[in-house]
Amino acid sequence: MLFSADQEKVTMYGLAIHTSSPDLGLAISDFESDRRLIVLDLGRDLSSSLHTHLLEFIKPQTWKDLDFIAVAIGPGGFTGTRIGVVAARTLAQQLEIPLFGISSLGAIAHQHSGTIAVQMPAQRGELYTAIYQNGIALHSDSVQSAEQWAKRLEQHPIDQQIEAGSNQGQFVEEILAIAYQRLQKGERSHWSEALPYYGQHPVEIG
């Protein structure tokens, strides 16, 4: 909630986009009384229908009502993650508003308190892994073998170990919540900082 020069109350919204798996997750909120969420199992249609679903979902708000955007940057599916990040970057650039890139694993851990280990199958029998403690990454997202991950877990007292499923869209509200927390701390992430993460390091987008 923001105020204009004449002190008139102006409601501003945050929008979250999660496309790191075949299901699309969209969430919007003014963090007071208005909150909406949708999760759609689109499969391969995600790339061709994201724009249409965004246009329908945001109503009755307009793009000008957005104060910031949050997007899942992976790890997850290569094509889906890239599509979501590109769409979010384009919107944030055109609207000149902050864009927060949020880890898919961090969003899962955000639902829980304590020290949370999250793992998700990657390619070639490896795992996407991360350890979070009350929202803070103790070990950032990385790709490890099962043996490497087991050794890392031995080094940390873990309150809960989570095996991430294939459908991640349900965690779009956590993507939005994490971004809002960062916004409240004064962060104003530039759209160019949001890059998809596929395993080893973020990938530049031209």
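Say whether the condition of being open to solvent by 60 Å² or more (accessible area, probe 1.4 Å) and in a strand (DSSP E or B) is met by at least one residue in segment 118-133.
Just the residues of segment 118-133 that are open to solvent by 60 Å² or more (accessible area, probe 1.4 Å), to begin with: 121, 123-125, 133.
Of the ones still in play, those that are also in a strand (DSSP E or B) are 121, 133.
Checked segment 118-133: at least one residue is open to solvent by 60 Å² or more (accessible area, probe 1.4 Å) and in a strand (DSSP E or B).
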Pair list, Cβ < 8 Å and 6+ apart or interchain, from segment 88-100 residues that are open to solvent by less than 20 Å² (accessible area, probe 1.4 Å) to residues that are among the hydroxyl-bearing types (Ser, Thr, Tyr) and not in a helix (DSSP H, G or I): PRO98/SER189; LEU99/SER189; PHE100/SER189
Against the definition (free of Cβ contacts under 8 Å to residues at least 60 places away in the same chain, on the phi < 0 side of the Ramachandran plot and within 16 Å of the chain's Cα centre (by Cα)), how does VAL71 come out, yes or no? no
Within segment 24-68, residues surrounded by 14 or more Cβ atoms within 10 Å (Cβ to Cβ) and among the β-branched types (Val, Ile, Thr) come out as ILE28, ILE38, VAL39, ILE58
Consider HIS156 carefully, then state whether it is part of a strand (DSSP E or B) and either without any contact (Cβ under 8 Å) to a residue 24 or more places away in the chain or open to solvent by 30 Å² or more (accessible area, probe 1.4 Å) (or both). no
In the set ASP34, ASP67, ASP30, the lone residue that is in contact with a Gly (Cβ under 7 Å, 6 or more places away or on another chain), modelled with pLDDT of 95 or more and among the acidic types (Asp, Glu) is ASP67
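To keep it simple, each residue is scored yes or no on (1) at pLDDT 95 or above; (2) touching a Gly at 6+ places or on another chain (Cβ under 7 Å); (3) β-branched (Val, Ile, Thr).
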site: TRP149; (1), (2), (3): yes, no, no
site: GLN161; (1), (2), (3): yes, no, no
site: GLY165; (1), (2), (3): no, no, no
site: GLN168; (1), (2), (3): no, yes, no
site: ILE178; (1), (2), (3): yes, yes, yes
site: GLU187; (1), (2), (3): yes, no, no
site: HIS190; (1), (2), (3): yes, no, no
site: LEU195; (1), (2), (3): yes, yes, no
site: GLY199; (1), (2), (3): no, no, no
Consider only pairs whose beta carbons are under 7 Å apart and that are at least six residues apart or on different chains; among these, list those whose first residue lies in segment 179-197 and is more than 14 Å from GLY84 (Cα to Cα) and whose second residue is open to solvent by 50 Å² or more (accessible area, probe 1.4 Å). TYR180/PHE31
Do any residues in segment 47-61 that are in a loop (DSSP other than H, G, I, E, B) have Cβ atoms under 8 Å from those of residues that are at pLDDT below 95 and aromatic (Phe, Trp, Tyr), where the two are at least six apart or on different chains, and which pairs are they? none
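The values are calculated or read from the model by the stated rules, or taken from the named source; none is laboratory data. Keep in mind that this is a model prediction, so the values were computed, not measured. Methodologically, a virtual Cβ is constructed for each residue, glycine included, from the backbone with ideal geometry; neighbour enumeration extends over all protein chains shown. These area figures cover heavy atoms from the full protein model, side chains too; ligands, DNA and RNA do not enter into them. Shrake-Rupley method; radii C 1.70, N 1.55, O 1.52, S 1.80 Å.
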